[in-house]
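Scroll down for the structure; my scribbles are underneath it.
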Amino acid sequence: MIMRFRNFPMPALWLLAACCALVPVPGDAAQDLKINLPPFVTYQLDNGMTVRLMERHQLPLVNFVWIMKSGGGICDPAGGEGMASLTVQLLRQGTANRTAAQISEQLDFVGGSFRAEASHDYASGSAEFVSKDAALAVDLLADLLCHPVFPEEEVSKLIKQEVDGIAEAKEVPNEVLDRYYRRLLFGAHPYGRPVSGTETSLPRITREQLVKFYQAQYVPGQLILSVVGDFKTEEMRRQLAVAFGGWKAREAVVPVLKPPQASPGSHVLLVEKPDATQTFFRLGSVGLARTSPDWIPLQVVNTLFGGRFTSMINTALRIDSGLTYGARSGFSSSLVAGEFFIGSFTKNETTGPALVKTLEVLRSLHEKGVTDEQLRSAKNYLEGQFGPTLETNDQLAGALAELAFFGLAPEYLTTYLERVEAVTPEDARRLIREHYPLENLSVVLIGQGKVIEPVAAKLGKDIQKKSITEPGF
């Protein structure tokens, strides 16, 4: 990935630990990690495109990760939800120089890959090639980003696939739970719009609108490109200048994104699925921005509350009571305040007890806080996860790109473990008080109406109802 940094099991910025030296401090109960970041260069082309290059010669591979800062779902026009997603997916379906078939043939012939998607904040993509084909990779990547043509037949085909995909997803409530939750939580804010679009918005989108969207949003000054792997920096700089240098600079249309505000009072959305044998639920409130100074300390607290198998919420709902196969909590990594959520699922007949138990665990977190011993456990867990599985070029390229997107300096990493280690029970109490609200919660339940309605009546007075077969979320 980049393919969604925010879905990594840990914040994507930790990925750079893969290239760090792990140095235990003798006698310390916790592993202390000294971070030695390998050298990389950051520069801009004349057209404003940001480039980051890191040489790693362990394997004959070159990985590319790009972020188009102005290509995310927040740029979708009202009623045009899904436009950003369609645009990025259609990049490889034909350019001024290659047909979709030719693109696929070239990728297959050299064993290369190209993937792309949109999130709320940005559009992103990744590519991998063996190092001997680096020149082809640069040329192909530039062609896809700079010269897409959006063939009419490919547009129609993709829209149909996306509409059918939404219908299929609604058969599996967990696939759409977050989309309903974000709509309830964020309302008219851009974060409340489904990036994937809806059954009604997608068919209204035309090829002409996609071309205009691309021309307005895909500009070199909004592009971050990270390249990590087996190459020589000067040669890669030359190749990128040739391939992307002709892309003319222009201003992008970027909306002003204000932080969403939590609505007063509790709000409940019931999504009826008559054939449901289980109830899926998600509850929470507005969270915090990825750049908040609380982000790293909060990972320690959330590891304890809902971020691992032995967390408080999973222990209570799964291990001790058998009410579910899994429960978790988390905070979305977003440009401005994103979502805080607690989510799980349970059998129809245990819907009430599962919701009661969830709120009990949340209340207990406030009443008891966390102990030094618990914090030590969470810190050890995070430190143990820091590097071992985060070693590949694409992970490093993704981390470099995301650092640039959020405006975080490389030095952010050198103090990461210090900030983890510095969290005290007093810090945890403040974080719990500020980021784990007990009141004014937004709650979504997907299940049988006769099962979830009595439960909803106990959760709040503002109750909305809709059928899962209704268009939208």
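Remarks
- Residue check for Asp121: buried (at least 20 other Cβ atoms within 10 Å of the Cβ), charged (D, E, K, R) and either at positive phi or in contact with a Ser or Thr (Cβ under 7 Å, 6 or more places away or on another chain) (or both): yes
- Residues of segment 454-473 satisfying the condition of being of a type outside the set (Lys, Arg), surrounded by fewer than 16 Cβ atoms within 10 Å (Cβ to Cβ), over 11 Å from Ser266 (Cα atoms) and touching a residue at least 40 places away in the same chain (Cβ under 8 Å): Pro454, Gln464, Ser467, Thr469, Pro471, Gly472
- Residue match in segment 370-380 (condition: modelled with pLDDT under 95, assigned to a helix (DSSP H, G or I) and crowded, with 22+ Cβ neighbours inside 10 Å): no
- Tally of residues being out of contact with any helix residue (DSSP H, G or I) (no Cβ under 6 Å at 6 or more places or on another chain) and surrounded by 23 or more Cβ atoms within 10 Å (Cβ to Cβ) across segment 181-190: 2
- Evaluation of Gly322 against the conditions (1) on the phi > 0 side of the Ramachandran plot; (2) touching a residue at least 60 places away in the same chain (Cβ under 8 Å) shows that the sole unmet condition is (2).
- Selection status of Val227, crowded, with 22+ Cβ neighbours inside 10 Å, modelled with pLDDT of 95 or more and among the β-branched types (Val, Ile, Thr): yes
- When the residues of segment 58-81 are filtered to those that are surrounded by fewer than 24 Cβ atoms within 10 Å (Cβ to Cβ) and polar (S, T, N, Q), the one that is modelled with the highest pLDDT is Ser70.
- Any hit, segment 168-180, residues being closer than 30 Å to Ala397 by Cα, touching an Asp or Glu at 6+ places or on another chain (Cβ under 9 Å) and at pLDDT 95 or above: yes
- There is at least one residue in segment 294-306 that is free of Cβ contacts under 8 Å to residues at least 60 places away in the same chain and touching a helix residue (DSSP H, G or I) at 6+ places or on another chain (Cβ under 8 Å).
- Remark: pairs (first residue in segment 402-424, closer than 25 Å to Tyr122 by Cα; second residue part of a helix (DSSP H, G or I); Cβ separation under 6 Å; 6+ apart in sequence or on different chains) = Glu402/Phe5; Glu402/Ala12; Leu413/Leu16.
- Test: Ser285 is buried (at least 20 other Cβ atoms within 10 Å of the Cβ) and either of a type in the set (S, T, N, Q) or outside any strand (DSSP E or B) (or both): yes
- Of the helices (runs of 4 or more DSSP H) that lie entirely inside segment 385-473, those containing 2 or more residues that are touching a Ser or Thr at 6+ places or on another chain (Cβ under 7 Å) span 393-406, 449-456.
- Filtering segment 150-175 to residues that are under 30 Å from Leu283 (Cα atoms) and touching a residue at least 40 places away in the same chain (Cβ under 8 Å) leaves Glu162, Val163, Lys170, Pro173, Asn174.
The values are calculated or read from the model by the stated rules, or taken from the named source; none is laboratory data. Owing to the predicted nature of the structure, the values given are computational and were not obtained by experimental measurement. Using ideal geometry, Cβ is built from the backbone for each residue, glycine included, and neighbour counts are taken over all protein chains shown.
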